1. So how far apart, in nm, are the two label points at Ser107 and Leu61 if each is 7 Å from Cα heading toward Cβ?
2. Calculate, for Leu139 and Ser54, the FRET efficiency according to 1/(1 + (r/R0)^6) with r their C-beta to C-beta distance and R0 30 Å; round to the nearest 0.05.
3. Name the shape class, rounded, prolate or oblate, that the alpha-carbon gyration tensor gives for the stretch 106-149, where a ≥ b ≥ c are the square roots of its eigenvalues, rounded holds for a/c under 1.5, and otherwise prolate holds if a/b is larger than b/c and oblate otherwise.
4. At a threshold of 8 angstrom on Cα-Cα distance, excluding pairs fewer than six apart, so keeping six or more, what relative contact order does the stretch 106-149 reach in percent?
5. For the residue pair Gln130 and Thr3, what label-to-label distance in nm results when each label sits 7 Å from Cα along the Cα-to-beta-carbon direction?
6. Quick one: what are the phi-derived ³J(HN,Hα) couplings along the stretch 17-25, Karplus 6.51/-1.76/1.60 with θ = phi - 60°, whole Hz, x for glycine and proline?
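We did not get these values from a lab; they are worked out from the coordinates using the rules stated. Note that this is a predicted model, so its numbers are computed, not measured. Every residue, glycine among them, receives a Cβ derived from its backbone with ideal geometry; neighbour counts consider all protein chains shown.
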Amino acid sequence: MLTGRVVRFDEVRGYGFITPDGGGDDVFVHANTVDGDKWALGPGVPVEYEAVESDRGPKALTVRVVGPAPAGERSARAGASPAGRGREAGQGVGAADDEEGLCDVLSERAFYAETTEALVTSVPDLTGAQIVAVRGRMLALARRHGWVEG
């Protein structure tokens, strides 16, 4: 088993990254690979994991939390519900994540490509017009929340 610490974990999207204790590239972790409470993952939380190499880099398998986050990291998360940890009143999903560097900001072109791929693979019988309409609404939402640039 390898050991490391969670660098960041996006509870909404269900994924994050682990920095290996031995150094090297950060390791991708998905909530489905966590053995136990995925809500325990957060910055600084020590974990044990197995890793495999994927086409996008190292990917964690069978992740297990082995201790609490350091006191400074824990206080930022304390008292919040799992779905709303770290969010301030009036902020939307991802707003606190932006301050912590947890939200990927895509170019509009990259957002269109990702959105199109997600729509085509999840609902293959959508028409081109439906994809364009949904993609446009999603882009407007992404602009409002600062998820895209450009």
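1. 3.5
2. Values: r = 29 Å, r/R0 = 0.96.
Working from the Cβ atoms, E equals 0.55.
3. Working: a/c = 2.67, a/b = 1.84, b/c = 1.45.
Note, shape of the stretch 106-149 comes out prolate.
4. On the way: 21 pairs, mean separation 25.5, N = 44.
Taking the mean separation of contacting Cα pairs over the length of the stretch 106-149, I get 58 percent.
5. 5.2
6. Listing the rounded values in order: 9, 10, 9, x, 4, x, x, x, 5 Hz.
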